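Q: This is the structure I have questions about; it appears just below.
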Amino acid sequence: MIAVHDLAKQYHVGDHVVNALKGVTMSVGAAEFVTIVGPSGSGKSTFMHILGCLDRPTNGRYVLNGRDVSTLPPDELARVRNETIGFVFQGFNLLARTSALENVELPLLYTRQGVVRAAERRDRAMRALEAVGLTDRADHHPNQLSGGQQQRVAIARALVTQPSLLLADEPTGNLDSATSHEVMEIFARLSSDRGITIVVITHERDIAAYGTRIVDFRDGLVVSDRANEAREPARVG
Amino acid sequence: MQKFLRHPVVDTAIKALSRNRLQTVLTMLGIAVGVATVLAMMAVGAGAQRSIEQQVRAAGLNQITIRAGNWRPKITDSDEAVAHQGDARESLRHPLDRRNPDVLPIAFHPEDDPMEKHDHPTARQRLGDLEAGLGSAATMTFDDAEALRQLPGVQYVAGGIHENVRVHLDPSTGSGSPRATSRGDQKRWFTRMHGTDVMMPSIKRAWTFTSGRFFTEREQDRASQVVVLGQVVADKLFGPGAAPVGREVMLWNQTFEVIGVVTSATWVVQPAPGDDQFDAVYMPYTTTQRLLNLSKLNDITVTAESSGDISRLSREITKLLRIRHGIGDHEADDFTLITQATKALTTGGLPPSVARAVASNVAELEKVTLEQLAMTMERASRTMTWLLAAVAAVSLLVGGIGIMNITLLSVTERTSEIGLRMAVGARGKDVMRQFLFEAVVISAAGGLAGIVVGVIASIGIARTLQWATVVSPLSVVLAFGIATAVGVFFGWYPARRASKLDPIVALRRD
Ligand SMILES: Nc1ncnc2c1ncn2[C@@H]1O[C@H](COP(=O)(O)OP(=O)(O)O)[C@@H](O)[C@H]1O
Ligand SMILES: [Mg+2]
């Protein structure tokens, strides 16, 4: 699924260079549920942006589904993001004044075939909302939904193009503990039921425990990478 | 439409624009003012263009008249020509125009004393070529006219015979109004007769027929006794608003059927008693030749395809006629060329206001040819057009900067939205299209409003300033196109900026 080799990322801030990633090598199999932990500034987000094709590494290789994507041009990366990857963010990033359903439809406006027909868009978005248990909130606008519900809408949006990789950067950062667990349950279910590869960044221990594999980042390097004995990896496909 | 409004790009645009409603409306207003001005500008420009064209046609700028006889010394030097324009003026004046009674209108029939009665075509009127005063000068023939028709650059040719006549209502059919019978001067009118060619209405393009028609080729071939009345003559004989077509009038004791009434097609020239065009009657020159026993023509009128071609064509005509008339190198012409430039200036084919405007611009009106006059008018309208163009350009610029401003604002406000769209698969060009579309929506909506305002303004200008305006469909399309182009042009930079955003940076913003 994912294979990164000696991945490095440098940022130039003024005169000095920030080495956000200093050579990360790891691979993630299909349907694995990986949680990434580590202190703030350790390069977790940077790593995830590269995994999500939102950014390109300064050095190293990134092979996604057998395809080297580390040097693809921006428009190609956009295609990969649309078709293969789903994102969930800490701040939900839903469009205001737009219904949950339309928010979920958003990726379907940018498919390879162009804008998906309205009826089909609606259909697929409803099915994605169903997967997160929010069909009854389809017409609600974000400001009419609780934080947990908003994050579930965001997950539905990430699912609507049926990606094989789901990336979440601190998805529970803005949620209380109870809803955090609800959200993580959804991820766990998606991993085991649908075989979607999931990478979740968090700095909460109990949230990290949902992963079948826990990776620890420190200073732009992986310092520990271990299977989570507490959970059985759900090997599907 | 419903489907269009539901399209995600449109839907997003509407949501985005309603977010900054006041700014959006103000920006649209700027564009609307610009577009309205563009439209008014084109309307005024086209109107002025049309006025000038009418003016030029009415004055016959492209017209050359060749008169039989050399009644003016041949002049080659242009300064001298100006000096002699005074002569031309007197000669061209209508016989009834007695403002200068001491100067005899030498180009006219010596018998043409308006004070005298001479209603018998077989008596003094019917003199034949020699006695008719054409004498040795009676050199112009129908064949000359035919030869001139073959010259390159010639548009129309019409031979003419001109007489002063008394037109009577036919006592047998001319019941007229009771007032006409009780007052002699109304049932009889002393006027100008033009025996002319079927081509005449094509030459006098500023003519329009109040009723009826001009005579036909057939009537000309048969020398039929049909007559077209100028508006003044029709009014004087039959009373204003009457329908003279089909009625009969008497000329030289002969019965003529009235087949049409002609008047001016332009406000520039108004029919007035004493003018040569509408205080006149027209009949086939063949009819005149038959009744007055004439075989020659008084003059031939030639129009050039292009008014700029007049000088060249004049030389060609002179050359051709000299050869045809067998005139030796050192002999004088037996004809006289009159271009309408001299004529229009001396007889005043222009409204006084225009003449005054022109006169204030140039030192000596006498020196102005009509070509220059047309240029001056064109310059005036061009000044007006440029003025409006400047206003339009400024308001479109302001509107365009407004569009750029509001779009930049929108890009800034929606940075995280842009980041999100990119994260879910939007490419740079998708983002660019969205913002360009929003810019164009503003400008096109402003454009539509501007078109409405512009059309109303054009009508208003026409009503209040008495300046003809013409709103053509093309100008409406053009105005809308300009509005859209402004949207694209000024939306480009912000849209491009949005499309170049780094999705990570954009996502982080909130
Ligand atoms: N766009 C950027 N420009 C400069 N430095 C950056 C940028 N993004 C991240 N960094 C730096 O890279 C390092 C890793 O950041 P990040 O990946 O966000 O860490 P984490 O998500 O683990 O907190 C930090 O030192 C951060 O300051
Ligand atoms: Mg982070």
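Q: Looking only at strands (runs of 3 or more DSSP E) that fall completely inside the range B:185-278, which ones have 2 or more residues that are under 16 Å from residue B:163 (Cβ atoms)? Steps first, answer last, please.
A: Details: elements: B:188-196, B:207-212, B:226-230, B:248-251, B:254-264.
So the answer is B:188-196, B:226-230, B:248-251, B:254-264.
Q: Which helices (runs of 4 or more DSSP H) does the range B:344-431 wholly contain that include 1 or more residues that are modelled with pLDDT of 75 or more and under 27 Å from the mean Cα position of the chain (by Cα)? Let's see the steps before the verdict.
A: Numbers: elements: B:352-361, B:370-413, B:415-423.
Because the criterion is at least 1 residues that are modelled with pLDDT of 75 or more and under 27 Å from the mean Cα position of the chain (by Cα), the helices (runs of 4 or more DSSP H) in the range B:344-431 that meet it are B:370-413.
Q: Now for a separate question. Inspect the range A:172-184 for any residue being within 30 Å of residue A:78 (Cβ to Cβ) and in contact with a Phe, Trp or Tyr (Cβ under 7 Å, 6 or more places away or on another chain) and give the result as yes or no. Give the steps one after another, and end with the answer.
A: Of the residues in the range A:172-184, the ones within 30 Å of residue A:78 (Cβ to Cβ) are A:172-175, A:183-184.
The next check asks that each one be in contact with a Phe, Trp or Tyr (Cβ under 7 Å, 6 or more places away or on another chain); those that pass are A:184.
Yes, because at least one residue in the range A:172-184 is within 30 Å of residue A:78 (Cβ to Cβ) and in contact with a Phe, Trp or Tyr (Cβ under 7 Å, 6 or more places away or on another chain).
Q: What is the one condition in (1) aliphatic (A, V, I, L, M); (2) without any contact (Cβ under 8 Å) to a residue 12 or more places away in the chain; (3) open to solvent by less than 20 Å² (accessible area, probe 1.4 Å) that residue B:422 does not satisfy?
A: It is condition (2) that residue B:422 fails.
Q: Against the condition within 16 Å of ligand 1 (Cβ to nearest atom), within 14 Å of another protein chain (Cβ to nearest Cβ) and over 30 Å from residue B:8 (Cβ atoms), how does residue A:13 come out, does it pass?
A: Numbers: within 16 Å of ligand 1 (Cβ to nearest atom): yes; within 14 Å of another protein chain (Cβ to nearest Cβ): yes; over 30 Å from residue B:8 (Cβ atoms): yes.
Yes, satisfied.
Q: Of all the residues that make up the range A:168-203, how many are open to solvent by 10 Å² or more (accessible area, probe 1.4 Å), within 16 Å of ligand 1 (Cβ to nearest atom) and away from chain B (no Cβ under 14 Å)?
A: 1
Q: Is it the case that some residue within the range A:63-72 is within 25 Å of residue A:219 (Cβ to Cβ), modelled with pLDDT under 95, open to solvent by 10 Å² or more (accessible area, probe 1.4 Å) and of a type in the set (D, E, K, R)?
A: No, the conditions are met nowhere in the range A:63-72.
Q: When you scan the range B:227-241, how many residues do you find that are touching a residue at least 60 places away in the same chain (Cβ under 8 Å) and open to solvent by 10 Å² or more (accessible area, probe 1.4 Å)?
A: 2
Q: Moving to a separate point now. On the given criteria, is residue A:57 away from every other protein chain (no Cβ under 12 Å) and more than 12 Å from residue B:422 (Cα to Cα)? Step through it out loud before you land on a result.
A: Numbers: away from every other protein chain (no Cβ under 12 Å): yes; more than 12 Å from residue B:422 (Cα to Cα): yes.
Here the answer is yes, as residue A:57 does meet what is asked.
Q: Separate question: Just give me the residues in the range B:219-260 being under 30 Å from the mean Cα position of the chain (by Cα) and among the basic types (Lys, Arg), in sequence order.
A: B:236
Q: Answer yes or no as to whether residue A:26 is more than 14 Å from ligand 1 (Cβ to nearest atom) and modelled with pLDDT under 90. Break it down stepwise before answering.
A: Working: more than 14 Å from ligand 1 (Cβ to nearest atom): yes; modelled with pLDDT under 90: no.
No, not satisfied.
Q: Now for a separate question. Among the residues of the range A:103-145, write down those that are within 13 Å of chain B (Cβ to nearest Cβ) and either in contact (Cβ under 8 Å) with a residue 60 or more places away in the chain or closer than 22 Å to residue A:187 by Cα (or both).
A: Of everything in the range A:103-145, those that are within 13 Å of chain B (Cβ to nearest Cβ) and either in contact (Cβ under 8 Å) with a residue 60 or more places away in the chain or closer than 22 Å to residue A:187 by Cα (or both) turn out to be A:103, A:104, A:105, A:106, A:107, A:108, A:125, A:128, A:142.
Q: Additional query: When the residues of the range A:154-164 are filtered to those that are surrounded by fewer than 24 Cβ atoms within 10 Å (Cβ to Cβ) and touching a residue at least 12 places away in the same chain (Cβ under 8 Å), which remaining residue is farthest from the other protein chains (Cβ to nearest Cβ)? Working first, answer last.
A: Looking only at the range A:154-164, we keep the residues that are surrounded by fewer than 24 Cβ atoms within 10 Å (Cβ to Cβ), and these are A:161-164.
Applying the additional criterion that residues be touching a residue at least 12 places away in the same chain (Cβ under 8 Å) yields A:161, A:163-164.
Numbers: A:161: 8, A:163: 10, A:164: 15 Å.
Of everything passing the filter in the range A:154-164, A:164 is farthest from the other protein chains (Cβ to nearest Cβ).
Q: So, residue B:146, is that one assigned to a helix (DSSP H, G or I), at pLDDT below 80 and open to solvent by 10 Å² or more (accessible area, probe 1.4 Å) or not? Steps first, answer last, please.
A: Working: assigned to a helix (DSSP H, G or I): yes; at pLDDT below 80: no; open to solvent by 10 Å² or more (accessible area, probe 1.4 Å): yes.
Here the answer is no, as residue B:146 does not meet what is asked.
Q: Hey, another quick one. Looking at (1) within 14 Å of another protein chain (Cβ to nearest Cβ); (2) crowded, with 19+ Cβ neighbours inside 10 Å, which is the one condition that is false for residue B:413?
A: Here residue B:413 clears every test but (2).
Q: Against the definition (of a type in the set (A, V, I, L, M), at the interface with chain B (Cβ under 8 Å from one of its Cβ atoms), under 18 Å from the mean Cα position of the chain (by Cα) and farther than 21 Å from residue A:198 by Cβ), how does residue A:78 come out, yes or no?
A: On the way: of a type in the set (A, V, I, L, M): yes; at the interface with chain B (Cβ under 8 Å from one of its Cβ atoms): yes; under 18 Å from the mean Cα position of the chain (by Cα): yes; farther than 21 Å from residue A:198 by Cβ: yes.
Against the criterion (of a type in the set (A, V, I, L, M), at the interface with chain B (Cβ under 8 Å from one of its Cβ atoms), under 18 Å from the mean Cα position of the chain (by Cα) and farther than 21 Å from residue A:198 by Cβ), residue A:78 qualifies.
The values are calculated or read from the model by the stated rules, or taken from the named source; none is laboratory data. Being a predicted model, the structure only gives us computed values, none of them experimental. Cβ: placed from backbone, ideal geometry, glycine included. Neighbour counts: every protein chain shown. All accessible areas refer to the heavy atoms of the entire protein, side chains included, with ligands and DNA or RNA removed. Shrake-Rupley method; radii C 1.70, N 1.55, O 1.52, S 1.80 Å.
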